[in-house]
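*Asks:* My questions will all concern the structure given below.
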Amino acid sequence: MSAGRPGPRVLILVENLSVPFDRRVWQECRALTDAGYRVDVICPQGAKQDTEPFAEIGGVRIHRYPLTPATGGPAGYVREYSAALWRTVRIARRLAREEPFDVVQACNPPDVLFLVALALRRNGTRFMFDHHDLVPELFESRFASGPRVLHRVSALLERLTFRTADAVISTNDSYRRAALTRGKLPPDRVRVVRSAPDLARFVPVAPDPLLKRGKRHLACYLGVMGPQDGVDFALRALAHLHGPLGRDDLHTTFIGSGDAFDDLVALTHRLGLDDVVEFTGRVPDETVQRYLSTADVCLSPDPKNPLNDVSSMNKVVEYMAMSRPLVSFDLREARVTAGDAAVYAPDNDEVRFAELTAELLDDPARRERMGAIGRRRVEEALSWEVSRGNLLAAYEDLVDRPLRRREERRRRERLREPVAKQPVAAGAGGSTLPDWP
């Protein structure tokens, strides 16, 4: 960027979380702002945090709208996404009248925000797709018995998003492959920008024995609690651990919330785990640090399904950043991320998940080795510092290059147009037909 000139103007669109509560998006906002970009965000208001319609934090202007989360199956999501799209378009157009945006970054789900980018493109705005989820697989995992039209519509919207995008940032290599194959994007348009912890903030602190509630050991879960996140698997594994395996030395804390929260609390009661399991809801980062620094084992119970198998879970790398060993089901991307920092239960086997948890509890030396492996992997390749560099490189490349549709139009024109005829010297042989590229 030229000194003395204002940096490129960026609009970031988020639908499923508020900002700055959405940690990945907030890290992106701060990285771009620090690099000289001017950033606006449009997102929903939070229920308990981020409730103001407008806030400016650290130079990032955040515009929030009221939104009722989906209930009642697929029809509820249609209502939610329609309301979010309508409000987002209205705010985006108002902001664009102040000054055109250089880049619109849409963070999915859902895969309908490309329509906002299309509405702003007449001013030369480029579209960066921040690919958080494989939405067709997400709906297939959440509504396995739902109508097939839901999957077909979500696949169509994904294709349109990829087709519209000038560039894509993917959360892992599996998602990048989807952009290259399903989206048919050229490889130089897709970069991996992993969701990653800031190691300046994810630092182990002194353990707090009171968090173990009188037990010898503490296990922790950190993250979203939706139908696809597997907390019910973890609870059934704990029931086996405390029942048939006879463990009475473990307390388990589930940190976070989601639309399955109430159902999970009810399941805890039905399984008879009330005395050994607690739910904290969402808590400040400092509280998360205390719990993870005290935990002997961390739980990543996302079951194997078309979405989870190729998704990178934030909690996995956050456990690793805090030097905690973890138990996971055998997912492709979980192995890519955690390696030997985790143990893996096959085939969504809750009994084996419980047995592996017990094995780690009984082997403190192994836990320490696994925790050290995890922390080292994060420091070397999985920290936000690495992702930050990839994000800024993607933006620099996008801003400097022509719009994808213009680039493709010029390529097609070059293929159609013959090269000008070259004069043939007198007496020389050869064809006078034009050369084609």
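Table: residues versus (1) touching a residue at least 12 places away in the same chain (Cβ under 8 Å); (2) in contact with a Leu (Cβ under 8 Å, 6 or more places away or on another chain); (3) not β-branched (Val, Ile, Thr).
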residue	(1), (2), (3)
TYR291	yes, yes, yes
VAL297	yes, yes, no
SER300	yes, yes, yes
ASN308	yes, yes, yes
ASN348	yes, no, yes
GLU359	yes, no, yes
ARG366	yes, yes, yes
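*Asks:* Looking for whichever is more than 25 Å from the chain's Cα centre (by Cα) and not charged (D, E, K, R) here; the options are VAL265, VAL224, VAL283. Which one fits? Walk me through how you get there before you give the answer.
*Replies:* On the way: VAL224 fails: more than 25 Å from the chain's Cα centre (by Cα); VAL283 fails: more than 25 Å from the chain's Cα centre (by Cα).
Just a single option satisfies the conditions, and that option is VAL265.
*Asks:* Separate question: Out of all the residues in segment 137-150, which are touching a residue at least 12 places away in the same chain (Cβ under 8 Å), assigned to a helix (DSSP H, G or I) and out of contact with any Leu (no Cβ under 9 Å at 6 or more places or on another chain)?
*Replies:* Across segment 137-150, the qualifying residue is only LEU150.
*Asks:* Within segment 248-268, which residues are modelled with pLDDT of 95 or more and of a type in the set (Ser, Thr, Tyr)?
*Replies:* THR252, THR253, THR268
*Asks:* Moving on to the next point. For segment 54-93, name all the residues that are surrounded by 19 or more Cβ atoms within 10 Å (Cβ to Cβ) and either on the phi > 0 side of the Ramachandran plot or acidic (Asp, Glu) (or both).
*Replies:* Within segment 54-93, GLU80 is the sole residue that qualifies.
*Asks:* Going by what's in this entry, would PRO100 be described as over 17 Å from ARG24 (Cβ atoms), outside the structural domain of VAL310 (by TED's automatic domain parsing) and not in a helix (DSSP H, G or I)?
*Replies:* Yes: the conditions hold for PRO100.
*Asks:* Right, something else. I'd like to check something: does segment 220-229 contain any residue that is part of a loop (DSSP other than H, G, I, E, B) and more than 18 Å from ARG282 (Cα to Cα)?
*Replies:* So the first thing to find is which residues in segment 220-229 are part of a loop (DSSP other than H, G, I, E, B), and the list is 223-229.
If we keep only those that are more than 18 Å from ARG282 (Cα to Cα) as well, we get 228.
Within segment 220-229, one or more residues are part of a loop (DSSP other than H, G, I, E, B) and more than 18 Å from ARG282 (Cα to Cα).
*Asks:* Can you find, within segment 172-219, the residue that is farthest from THR161 (Cα to Cα) among those that are among the small types (Gly, Ala, Ser) and assigned to a loop (DSSP other than H, G, I, E, B)?
*Replies:* Going through the qualifying residues, I end up with GLY214.
*Asks:* Assuming ALA354 fulfils every condition listed in (1) within 30 Å of VAL168 (Cβ to Cβ); (2) surrounded by 21 or more Cβ atoms within 10 Å (Cβ to Cβ) apart from one, which condition is it?
*Replies:* Checking ALA354 against (1) within 30 Å of VAL168 (Cβ to Cβ); (2) surrounded by 21 or more Cβ atoms within 10 Å (Cβ to Cβ), the one that fails is (1).
*Asks:* Which ones in segment 1-26 are touching a residue at least 40 places away in the same chain (Cβ under 8 Å) and over 22 Å from VAL135 (Cβ atoms)?
*Replies:* Within segment 1-26, PRO8, ARG9, VAL10, PRO20 meet the criteria.
Matching residues to (1) in the same structural domain as GLY258 (by TED's automatic domain parsing); (2) closer than 30 Å to VAL386 by Cβ; (3) part of a loop (DSSP other than H, G, I, E, B):
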position: GLN27; (1), (2), (3): no, yes, no
position: ALA47; (1), (2), (3): no, no, yes
position: ALA55; (1), (2), (3): no, yes, no
position: THR68; (1), (2), (3): no, no, yes
position: TYR81; (1), (2), (3): no, no, no
position: ARG94; (1), (2), (3): no, no, no
position: VAL104; (1), (2), (3): no, yes, no
position: VAL116; (1), (2), (3): no, yes, no
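*Asks:* I would also like to ask the following. Please report, ordered by residue number, the helices (runs of 4 or more DSSP H) entirely within segment 292-388 with at least 3 residues that are hydroxyl-bearing (Ser, Thr, Tyr) and farther than 22 Å from GLU137 by Cβ.
*Replies:* Where helices (runs of 4 or more DSSP H) fall fully within segment 292-388, none carries at least 3 residues being hydroxyl-bearing (Ser, Thr, Tyr) and farther than 22 Å from GLU137 by Cβ.
The values are calculated or read from the model by the stated rules, or taken from the named source; none is laboratory data. Everything numeric in this text was worked out from a predicted model, so none of it was measured. Heads up, the Cβs are rebuilt from the backbone with ideal geometry, glycines too, and the neighbour counts pull from every protein chain shown.
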